[in-house]
């Protein structure tokens, strides 16, 4: 008999990259079996894709409503234990709400919802249900990010006094300079993308990482965004001053017009005793700077690392792991939570992180629209 | 109905790392389903592990002989189409031989066998069977290695005139200096490890990469090995001069006593027009040097890459992939070969590469034992 | 007969590092001979140091007033042609003013003066005199910085749309957390350091580099500074939002409490067609990113570089040059200007750059003190 | 009165790069004044150049014979104390010999002579004279090379067990493939270049560095060279196996046809406890690897460095120094020796290093010509 956790998936069919990432992650630690889902709104595509990935037809559902209805008819030993939501953003909220209400554990792509109000509504429901709810800020799954979080918590760099995160991409640059093209990109269309493009898409990653790594909460922000053309209603670039307190400050820098940058996300945290630096494009290196000592470079899989970091590495040192492994670690954290196993706080980004992300987006836009002023979070 | 390729696995149970790598690779492109295998010689462990990874008990076999016997009873539509051999090295030959004789496609870990003679015997059988036989030199699966191979084939660097490959690890250093410890490591025991430790384990990777990347065959070699202590019968370090011709020369440098190195495998190929440089620990970068031009850094997923390289990348640029993805690409190549799909030469390392590897090991030892003299390959 | 330019030096005696830098720079291209100066306010130290560096006693002066007085008595063929001012900041203005009024060419360390008003006064005088006036923003002398400036001027990256400069040091961190120590550092004392520590010391370098590299003028800024402790009146860290226009924005980030950072000054300029990235600690690399092409790494001394860059490199590619060479290039630019030789605009940072720097400091403090608001430059 | 060391220079006039390097180095620490020399065999060029660099006509000599003759007429307080030999290689021997015989201290460019026999003759003379004799293996002057030497001497990495040095350039590649061009390059002409091109030019640097850094002597070598074309009598590439003992081995790899490489000289020294890695193109970083610990990156100017390393750095950490500074440190070492000041062994490469270099060249050629056999050093 198969003891794996029964996973359902909403979305992620066809050529969806995020679908690939979640499926590989689900397989990585042998915790999950994908038992069903609704992968595509088109019925034929849905069935075809399900067959392609080896899902029996009986549990390929035509919609998420049908999925919930049918799964609830199954015994608890058969029913999906957790559902991953990989659909377009505006569907996250109705799906998550109904799944929550019916007691399913949830893994939801970011951004959690389309507004902070929706996010708070989900949180209110979850407060009454005993379910696991993960929001897949994937980068928190990297072993060296977890090491960074642990070291800061352990006081390795002393009290944090300055933070600096950068998330630079260039993919909007070839689009933004052509009036027709910039109208045709869904992320630049407020109808589809909500109130923000760049901040919503990648700014939230940077913000989540900041609070995740430091184990602290940002108090107030001041944002300056760039919309590049008068007819472009969605931000494509921004700099956000942040303060944890009057004497602990920093900056988040995000852009999608940083021409020819790929996915250049970097973290620099400066404490009173030392500093930590990490870069997503070379995720297997964590640089540790200390006063008057040689800079140290920490790498995955070594005994000198924390248990939290080591659990996320499958291979010996020097064998590179990547983004799939980061997501695999988040799935692993969710599995342990579902199974009631001992696990470390931060092993998956939880609903509160999703809620904070939505708050952040709204407050950044507010700060900018009001003339680049300080706004409390 | 499930159209995935039916995969069986020999070995790889328990905490086996190589088992993890192959299972993740098998899942990556949705080509395979693992339908059965014999994962562990201990019957209880075997069953327990099979259940852990979700294999139905009916196809958990007590030995590879039983596996073959029982699978042959199944219809062609049910039977395993390919079997992965992940057992200790000395079992590769008998398993591969019997599987070959019975018409199974094979994915075999390296080194192929324990001697060149055995390897030739496998090749003789395969010459008469129409099966796919892959030897998992994993590093050939990296997208930027494939790009390197393609660029050299396309003449991007002109005729190759010098090659330099390094494969430095340090893991034997803490063992080798203690007489008792060095006797207790199986790789340092000729009974278990065969005629070579360092050359057999990682030298073959370097040699295979050299011939894979350049699309050329080494003609003659001269080896100098280090055994470090008089009572240590197995090489732990070596430098091997290689010649493709009188005017195209190079060197392979391998070590397992390069203290504190992790898995530092680098490739430098110099042609008459340009050069290519790649490093396994940062596999997503390929450096292209040309006379009088700025050095270029190629990265996965870009349109400027060859189709061969692009097929091996699932994520957009800037999202790091790693060793699992390299193995996934080899599994993908095997799948395409089994399915008779169009695929590019080099999409998986074939039996001939396995045979060359065994020849290389024996000739290196011969060169060294005879006083560091030239030996033809 | 010696045709070298006759150089006098004010300050830079004893163990002064800046003295070493200027003397080496003066010798680098065989343009200058140091003929005299006043190196130290202490008469004995002054004489001793002058002897140490081989200056004849006749032209070792007890003060800068005496220097001017005595040099004016010499014939034009004997008189110092240019004087370098390396004294503490508050002396720059009176020295530069009197030298200007008496027609000497000047090389002055940064910051130019202690206030924008003083700087404007110098500029008013220079407008009436035909002298060369250089302000030694040393980093503008690096060959790859000059290449960056030239490429942007030539349109290699298209219209600039985003800028991001970082100047992070950590040297104040071990001082700032001890109430007594932070009172004893001159840079943290407004009496000696003026209105700013971090912005005045290194923020001006970043600001100058921004305008130097882009060939553009910043229009408006918004600054957030960190003073770290209530009793510390001088900024030790800051983030400054900058705008060239409504659609061309960016950020300067400077800190002296970025713990254990050395002199981590980086420049990232993003244009509509491509981007350029440079880092002071590895000054011999300029990264050029373009849409859809491999990243290029430009290095000094190659034919593919501009004449302006090539003039600043003495050695063949691969032979590292450093900070002395950057200063040497500025001295070379000044020499060519004095000799009336053909030279490229930007070959030395001129008085206007010094004036802009003083304006920047005052406006940053103004923005911060007024509650982090936009201020025009 | 001027107390600087009186330096004469032979060669280095006109556009000579090596002339620039030595003059800047001489000025760096304020130890020397250049008082005269013979810079060019052409009398007019000689005078013109001397005037250009500010040398009084009285001590501009028409030949080195005249220089010695005239200088000996001067009082000891006027006479040159040390002479730098920067002429073509074949002149090193006669010049050094006569200078030695007349009691001058000498700084001589490498290679020391054109044969080992000549080198031994110089050594025999020096054994009877009390003079300082430096051979400018420039790279030994880098602060991080000195740190490496010191750390190995201090046992930081334990007993050395493996060494690997690479010196790859590409400048001969564009020449070698054209029959006419390869005949026109002096280094490829045995009449002018002696018995070796690549080994003599850069192989000696690698060999010297190996013995310098490890404080050990190579016992025996086996060389394989590449001459690339049958009509090319001079080596352009080579790999040299080296042994310090039966259990301490390594390899030197040198090439001038490593296409598009600039001056890629790297050092990797592996000991029983740790390892050290350094690269000439980024000379301000020394990587220190230890079993089970994070890799450390040492940089110049820090208190954690040895006194020997610190003496070679003028600027604070993070301000890059380069090749001129390396040569400056050698000149500084020579100055201290001449002045009888306390100095550290290894502060300049001495005559014995020059002699070893000549032996190395001859033995490499011998090993190769005899069929790649072991030859004792």
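Label-point distances for residue C:44 to the equivalent site in the other copies, using a point 7 angstrom along Cα→C-beta, read 5.5, 9.0, 10.0 nm when ranked shortest first.
Neighbour counts of other Cβ atoms within 10 Å put A:137, D:229 in the fewest-to-most order D:229, A:137.
Overall shape: oblate for the protein assembly as shown, with the ratio a/c of the largest to smallest alpha carbon gyration tensor axis at 1.5 or above and b/c at least equal to a/b.
Ranking D:16, D:255, B:275 by Cβ neighbours within 10 Å, fewest first, what do you get? The partial results should precede the final answer.
Numbers: D:16 17, D:255 31, B:275 27.
The most exposed by this proxy come first: D:16, B:275, D:255.
At a Förster distance of 25 Å, what's the computed FRET efficiency of residue C:102 paired with residue C:42, Cβ-Cβ distance as r, to 0.05?
Working: r = 25 Å, r/R0 = 1.01.
Step by step, r from the Cβ atoms, then E = 0.50.
Against the empirical 2.2 N^0.38 Å (N residues), segment B:121-277 has a Cα radius of gyration ratio of 1.16.
In terms of the Cα gyration tensor, with a ≥ b ≥ c the square roots of its eigenvalues, is segment C:1-119 rounded because a/c is under 1.5, prolate because a/b exceeds b/c, or oblate? Here segment C:1-119 falls in the rounded category.
GNM on chain D, alpha-carbon springs under 10 angstrom: the most fluctuating residue among D:121, D:321, D:362 is D:121.
If R0 equals 25 Å, the separation of the Cβ atoms of residue D:184 and residue C:310 corresponds to a calculated FRET efficiency of about 0.50. Across peptide C:181-189, the mean count of Cβ atoms from other chains lying within 10 Å of each residue's own Cβ comes to 0. Inter-label distance, residue C:120 to residue A:341: 7.0 nm, where each label sits 7 Å from its Cα along the C-beta direction. Peptide D:322-334 has a mean of 3 when you count, residue by residue, the C-beta atoms of other protein chains within 10 Å of its C-beta.
Other protein chain C-beta atoms within 10 Å of residue C-beta, averaged over B:163-173: 4.
Could you please rank C:374, D:278, A:186, placing first whichever residue has the fewest other Cβ atoms within 10 Å of its Cβ? Working shown, then result.
Numbers: C:374 16, D:278 25, A:186 10.
Lowest to highest Cβ neighbour count: A:186, C:374, D:278.
Shape of chain A from the C-alpha gyration tensor: oblate (a/c of 1.5 or more and a/b not above b/c, with a ≥ b ≥ c the square roots of its eigenvalues). Of all DSSP bridge pairs formed entirely within chain B, close to 60 percent run antiparallel.
Residue A:293 to residue D:153: FRET efficiency via 1/(1 + (r/R0)^6), r the Cβ-Cβ distance, R0 25 Å, to the nearest 0.05?
0.70
Label-point spacing at residue B:246 relative to the other copies reads 3.8, 7.5, 8.3 nm, in ascending order, each point sitting 7 Å out from Cα along Cα→Cβ.
Only helical DSSP H runs with n ≥ 4 go in: add -39500 (n - 2.57) per run for the protein assembly as shown, normalise by residue count and round the 222 nm mean residue ellipticity to 500 deg cm²/dmol.
-10000 deg cm²/dmol
Copy-to-copy label distances for residue D:307, where each label lies 7 Å from Cα along Cα-to-Cβ, are 4.8, 5.2, 6.9 nm in order of increasing length.
With each label modelled as a point 7 angstrom along the Cα→C-beta vector, the residue A:74-residue A:279 pair spans 4.5 nm.
The numbers here are math on the coordinates, done by the rules we state, and not lab data. This structure is a prediction, so every number in the text was calculated from the model and none was measured. Please note: Cβ atoms are built from the backbone with ideal geometry, for glycine as well, and neighbour counts cover all protein chains shown.
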